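The values are calculated or read from the model by the stated rules, or taken from the named source; none is laboratory data. Quick caveat: nothing in here was measured; it's all calculated off a predicted structure. Here the Cβ is made from the backbone with ideal geometry for all residues, glycine too, and neighbour counts use every protein chain on show. In case anyone asks, the SASA skips ligands and DNA or RNA and just uses the protein heavy atoms, side chains included. Shrake-Rupley method; radii C 1.70, N 1.55, O 1.52, S 1.80 Å.
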Amino acid sequence: MAAMVRNRVAWIVFALLAIGIGLYPLAYVFSSGDFGLLAGKTKELLANQIWRTAFYGHISFGGLALLMGWSQFSKSLRSKHLKLHRTLGKIYVGSAFISGTCGVYLGFFATGGIVPALGFIGLGLIWLYTTGRAYVAIRKKDLSLHQGMMIYSYAACFAAVTLRIWLPILTLIFGEFLIAYKIVAWLCWVPNMVFAHLWVRRKGLTLE
């Protein structure tokens, strides 16, 4: 009984975090000026229309992926509303590809140099790879591979949430944003991948 309650609470927290951060890009859309991550960028970069397009594409479709993706892990949705599950899955995959591609491009311009750049580029590539494999797997009716890769894919997507949890904590610890940003470029997703690996093993899913 206690385990069921813990799992229920964990699921609710998981969903609320995904929805909350998924809606966060609206703050950028409706803001009258540059704030958040934009506030730390140079005027030259902010004037680059390709970069700005990639930025808004990344956060907008990334937010949509967060909003759609968490529901894919609902057993009730899959069993009772399979058509809706598939529709939301298609939206997730499309959003992940757009956001991930934009994210890889943005990684080359990451604040702080090569360390955060490699971290964010790596995250984007892993998100694209696992999402692509999950999509191909379901087309081939390989449910085990599909489920496993979707766990990895959403763990990469959920980095948007863990980044916003870790960044203020690390900034407070080190007293400097730049140091915190270099660390969080890796900390926001590497532990997520470890968790995903343990989850996939626990479920006994085959990834070959």
Legend entry - Yes/no for G100 being surrounded by 15 or more Cβ atoms within 10 Å (Cβ to Cβ) and either in contact with a Leu (Cβ under 9 Å, 6 or more places away or on another chain) or over 25 Å from W51 (Cα atoms) (or both): yes
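Per-residue answers, yes or no, for (1) buried (at least 22 other Cβ atoms within 10 Å of the Cβ); (2) more than 21 Å from L16 (Cα to Cα); (3) in contact (Cβ under 8 Å) with a residue 40 or more places away in the chain; (4) among the hydrophobic types (A, V, I, L, M, F, W, C):
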| residue | (1), (2), (3), (4) |
| --- | --- |
| S76 | no, no, no, no |
| S79 | no, yes, no, no |
| K83 | no, yes, no, no |
| K90 | no, yes, no, no |
| G112 | no, yes, yes, no |
| I126 | no, yes, yes, yes |
| Y129 | no, yes, no, no |
| K140 | no, yes, no, no |
| C157 | yes, no, yes, yes |
Inset, instruction - Please verify whether the range 52-72 includes one or more residues that are within 18 Å of F14 (Cα to Cα) and touching a Pro at 6+ places or on another chain (Cβ under 8 Å). - result: yes
Inset, instruction - Looking at (1) in contact with a Leu (Cβ under 8 Å, 6 or more places away or on another chain); (2) in contact (Cβ under 8 Å) with a residue 12 or more places away in the chain, find the lone condition where I179 falls short. - result: (2)
Inset, instruction - Identify, from the list L38, L17, L45, the residue that is open to solvent by 40 Å² or more (accessible area, probe 1.4 Å) and either in a helix (DSSP H, G or I) or under 29 Å from Q147 (Cα atoms) (or both). - result: L17
